[in-house]
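Have a look at the structure below before the remarks.
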Amino acid sequence: MSQEIPPKKPTSLPLADAILAIGQGDFAHRVLISFSDLSRERIEQLQHVWTLIDAGYRARFLRALSDLSEESVLYNFSRVFRLGLRDPDDVTRQAAIAGLWEDESIDLIDIFTRLLEDESQDVQAEAAKALGRFAVLAAAEELDDDTADQLFDTLLEAATDEYRPYLVRRRALEAVAGFGNRGNVYTLIREAIDDDDHGMRAGALFAMGRTLDARWLDIITSEFESDDPEMRYEAARAAGEIGDANAVGGLAALSADPDAEVRFGAVSALGKIGNPASLRVLRRLAERASGEEREAIEEAMRITEAEASDEFPME
C-alpha cells in the first residue's frame, strides 16, 4: 500500500527578514507565520525595531496576524500582540487588544483595566469589550472572588459613567452583562433598551444575550420586526446566545431578511439553538442557498448536529 505523504508545513522566514518585510508593507502568509510562538529573546529583537516600522504598517500587521489566528489554531501571536499594547499609536493599540481575543491569561485583566483610561476612546472601548470574556469566566466561577468583584466594579463604573464616551459605556454594559443578574445590571440593560440612541439599544440586546437569561426573550424577539437592521442583527445574535426554542420561528423569518448580515446572524443563531426544529429550518434553507450563505448554513448545521450528538450520545 502506498503511504500518504503529509502536506508540507508552510515555510517561514528568518525573523530579521520577516521584520524587514513588514517594514516594507509585505504581509504575505510566509511573513506572518514567522512571528508565531516567538521566544522572549526573539520578541526583544522585534521590540528593538518596532517603532521604526511605519505606524500604519504596524496596525495592518497586527490585524493580519489576528485574521490568521482566527483561520488557524496552528499559530500563536500573543507576544506580538502584547508588544502592540504599549504602542504609541492608538490604532495599533486597539488592534493589539483585539488580537488577544482568545487569550484568557489573568494578568490581562489589569492591563485592559488600565487601558480603560487610555487617551483614545476607541482603545477604551476595545479594552471594555475584551474584559467581557473575563466577566463570563467570573460568572462561571473560574476567577477568584476578589478578582471577579474588582472586575465587576470596574465594568459597572465604566458603564454608568456619564462622562465617558457613548461607545465605551456601551461596550462596558455589554461586558458587565456577563455577570448576569448581579447588582443593578438588569436595570441598566432595561434603561439602555429604551435609550434614544439606537447604538445603546443595540448594545442592550447584545447584553441581554450575554446574560443567557430567557426572561429577555420577549423583548429580543420583538426586535426581529425592527426597521433598523443593526437591531434585527443584534436580536438574532442574542436569541442564539440564549438558545431558547421559542425563537426558532422568528429566526426562520429573519433568515430571509433583505440584509445579508441579518440573514447570517439568524442562521448562526439557529445553529446555536441546536434543536430538531432549528435543524429542519436549516435543512430547508440549505436546499436553495448557494455560495457563502450555503457555507454558513452548513456550518450552523454542523454545530446543531454536534450539540445533538453530545446531548444524546450513542450507547
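A short reminder: the numbers here are calculations on the coordinates, not readings from a lab. Model, not experiment: these values are computed from the prediction. For neighbour counting, all protein chains shown are included, and Cβ atoms are generated from backbone atoms with ideal geometry for every residue, glycine included.
Structural remarks
- In Hz, Karplus ³J(HN,Hα) per residue of segment 115-122 (6.51, -1.76, 1.60; θ = phi - 60°; x = Gly, Pro): 6, 5, 9, 4, 5, 9, 5, 5
- Extension reserve of the residue 110-residue 147 stretch, reckoned as 0.36 nm per residue once the Cα distance is removed: 12.4 nm
- In Hz, Karplus ³J(HN,Hα) per residue of segment 266-271 (6.51, -1.76, 1.60; θ = phi - 60°; x = Gly, Pro): 5, 4, 4, 5, 4, x
- Charge dipole (Cα centre; +1 on Lys/Arg Cβ, -1 on Asp/Glu Cβ; no other charges) of segment 167-206 amounts to roughly 220 debye.
- Scalar couplings 3J(HN,Hα) for segment 213-222, obtained by applying the Karplus form with A = 6.51, B = -1.76, C = 1.60 to θ = phi - 60°, are 9, 5, 5, 8, 4, 4, 5, 4, 5, 5 Hz; x denotes Gly and Pro.
- Centroid-to-centroid separation of segment 209-231 and segment 110-156 [C-alpha atoms, Å]: 25 Å
- Environment charge at residue 125 (Cβ cut-off 14 Å; Lys +1, Arg +1, Asp -1, Glu -1): -2
- Summed over qualifying helices (DSSP H, 4 residues or more, each -39500 (n - 2.57)) and divided by its residue number, the chain shows a 222 nm mean residue ellipticity of -20500 deg cm²/dmol.
- Net charge of Cβ neighbours under 12 Å - reference residue 195; Lys, Arg +1; Asp, Glu -1: 0
- Longest segment of the chain lacking trypsin sites (Lys or Arg not before Pro) that sit in a DSSP loop with at most 14 other Cβ atoms within 10 Å: 87-315
- Taking 0.36 nm per residue of separation and subtracting the current Cα-Cα distance, fully stretching the chain between residue 215 and residue 195 would add 5.2 nm.
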